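The values are calculated or read from the model by the stated rules, or taken from the named source; none is laboratory data. These numbers come from a predicted model, not from an experiment. Virtual Cβ from ideal backbone geometry, glycine too; neighbours counted across all protein chains shown.
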Amino acid sequence: MLKLNTLLSNRNVIFLLALALGLLVPAAVPFSRHLILPVLAVAMAIATMEVDNGVFLRPRALIFPAFMGIVMSYIVLGNIIIALSALLINDEALWTGSVLLAAVPPAVAVIPFSGFLRGNSPLSLFGTVGAYLGALVIMPLIAMGLLSGMAFDPCKLVMITLELIVLPLAVSRLLIREGLKAKIDPYRSAVTNWCFFIALYTMIGLNRDIILGQTRILVPLIGIAIVTMFLLGFVIDWVTDLFHIEKETRTSLVLLGTLKNQGLAGGLALTLFSQEAALPAAVSTIVMIVYIIWLDFKKRWD
């Protein structure tokens, strides 16, 4: 029983369990899909408790992190996804899904992941916020330039920003003010891990039939996901290390430059195009699970 409890408190085991159950036992997905926003909001509130209130007293200091979020998510990662997709993908639906993946802002999970990977929490937070604000302009421009007939509703992105970043941040300030941070700290890791279990299980389960039913076209998508996470993450870390940037900041830049909001990309694909167009987001989610586990192991070796 002790070994089982130890396994079920291990982040990597939890993430792999979410992947396996999403593919093999997706029966709970119709229920868990309604929990994605609440559990991500809880994870975000817990993660942003690490950001000191003093950061908000220097608004001019927040401009650079916000700008870096746009640079890493769009100028670096977005362009590489589009370039690789243009080289490797011929299917129109898969091209559409890849462009959507390039067009969406970073994964909101960048902020909690930055916490347990010991990144620079303020940079991750304000870099993500900056990229979401930039996405209000960048997303429609990418869609209009590379896709035909896509209707983009900026209100949807505004609501996601409010629900998954602004509201959790406000809740975290309230918890700190009420002196609850110390009481929550012992449970932070477990709560965050199981919140992500629900979100990852649901995202995999929703796309299970596409993943298992169209395996022959997965190879280029897997290749693109591996290059834009593992290889690009290595390059970002290596280049920033050459400039003697501290480890915490390098970790946050790697996350901002390798993780996209697959849930938003998949939702846009299913809503505006086709089930097949959601495949790049689904494949990216699976590779992301392995990638985060790899970063966790790498953190222990460094």
Among the listed residues 144, 150, identify the single one that is farther than 16 Å from residue 71 by Cβ, surrounded by fewer than 21 Cβ atoms within 10 Å (Cβ to Cβ) and either modelled with pLDDT of 90 or more or in contact with a Leu (Cβ under 7 Å, 6 or more places away or on another chain) (or both). 150
Failed condition for residue 187, given (1) closer than 23 Å to residue 122 by Cβ; (2) of a type in the set (Ser, Thr, Tyr); (3) at pLDDT 80 or above: (1)
Inspect the stretch 208-227 for any residue being on the phi < 0 side of the Ramachandran plot, surrounded by 14 or more Cβ atoms within 10 Å (Cβ to Cβ) and in contact with a Gly (Cβ under 8 Å, 6 or more places away or on another chain) and give the result as yes or no. yes
Would you check if there is a residue in the stretch 274-281 being over 28 Å from residue 121 (Cα atoms) and under 15 Å from the mean Cα position of the chain (by Cα)? yes
Matching residues in the stretch 264-280 - criterion: being of a type outside the set (Val, Ile, Thr), farther than 17 Å from residue 228 by Cβ and in a helix (DSSP H, G or I): 267, 268, 269, 270, 272, 276, 277, 278
In the stretch 96-126, how many residues are under 13 Å from the mean Cα position of the chain (by Cα) and either among the small types (Gly, Ala, Ser) or not in a strand (DSSP E or B) (or both)? 14
Qualifying positions in the stretch 23-33 - modelled with pLDDT of 85 or more and either within 17 Å of the chain's Cα centre (by Cα) or part of a helix (DSSP H, G or I) (or both): 23, 24, 26, 27, 28, 29, 30, 31, 32
Checked pairs for the stretch 83-97, first over 19 Å from residue 232 (Cα atoms), second among the polar types (S, T, N, Q) and surrounded by fewer than 18 Cβ atoms within 10 Å (Cβ to Cβ), C-beta under 9 Å and 6 or more apart or across chains, list as 93/274; 93/275; 96/274; 97/274
Taking the stretch 159-181, which residues are more than 14 Å from residue 48 (Cα to Cα) and of a type in the set (Gly, Ala, Ser)? 179
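Residue-by-condition table, conditions (1) basic (Lys, Arg); (2) without any contact (Cβ under 8 Å) to a residue 40 or more places away in the chain; (3) touching a strand residue (DSSP E or B) at 6+ places or on another chain (Cβ under 8 Å):
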{"residue": "257", "(1), (2), (3)": "no, no, no"}
{"residue": "261", "(1), (2), (3)": "no, no, yes"}
{"residue": "266", "(1), (2), (3)": "no, no, no"}
{"residue": "273", "(1), (2), (3)": "no, no, no"}
{"residue": "280", "(1), (2), (3)": "no, no, no"}
{"residue": "283", "(1), (2), (3)": "no, no, no"}
{"residue": "288", "(1), (2), (3)": "no, no, no"}
{"residue": "300", "(1), (2), (3)": "yes, yes, no"}
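Which count do you get for residues in the stretch 265-299 that are of a type in the set (A, V, I, L, M, F, W, C) and closer than 21 Å to residue 233 by Cβ? Lay out the reasoning, then the answer.
First pass over the stretch 265-299, keeping only residues of a type in the set (A, V, I, L, M, F, W, C): 265, 268-270, 272-273, 277-279, 281-283, 286-290, 292-295, 297.
Remaining after also requiring closer than 21 Å to residue 233 by Cβ: 265, 281-283, 286-290, 292-295, 297.
Total meeting the criteria: 14.
Looking at the structure I just gave you, is residue 27 of a type outside the set (Ser, Thr, Tyr) and either over 29 Å from residue 195 (Cα atoms) or buried (at least 18 other Cβ atoms within 10 Å of the Cβ) (or both)?
Taking the combined requirement at face value, the residue does not satisfy it.
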Among the hydrophobic types (A, V, I, L, M, F, W, C), within 20 Å of residue 114 (Cβ to Cβ) and surrounded by fewer than 19 Cβ atoms within 10 Å (Cβ to Cβ): is that true of residue 86 in this structure? no
Would you pick out the residues in the stretch 187-235 that are closer than 17 Å to residue 12 by Cβ and of a type in the set (Ser, Thr, Tyr)? 189, 192, 201
Considering only residues of the stretch 72-83 that are surrounded by fewer than 19 Cβ atoms within 10 Å (Cβ to Cβ) and not β-branched (Val, Ile, Thr), which is farthest from residue 222 (Cα to Cα)? 79
Pull up the stretch 38-78, narrow it to residues that are within 28 Å of residue 281 (Cβ to Cβ) and modelled with pLDDT under 80, then point me to the one that is nearest to the chain's Cα centre (by Cα). 44
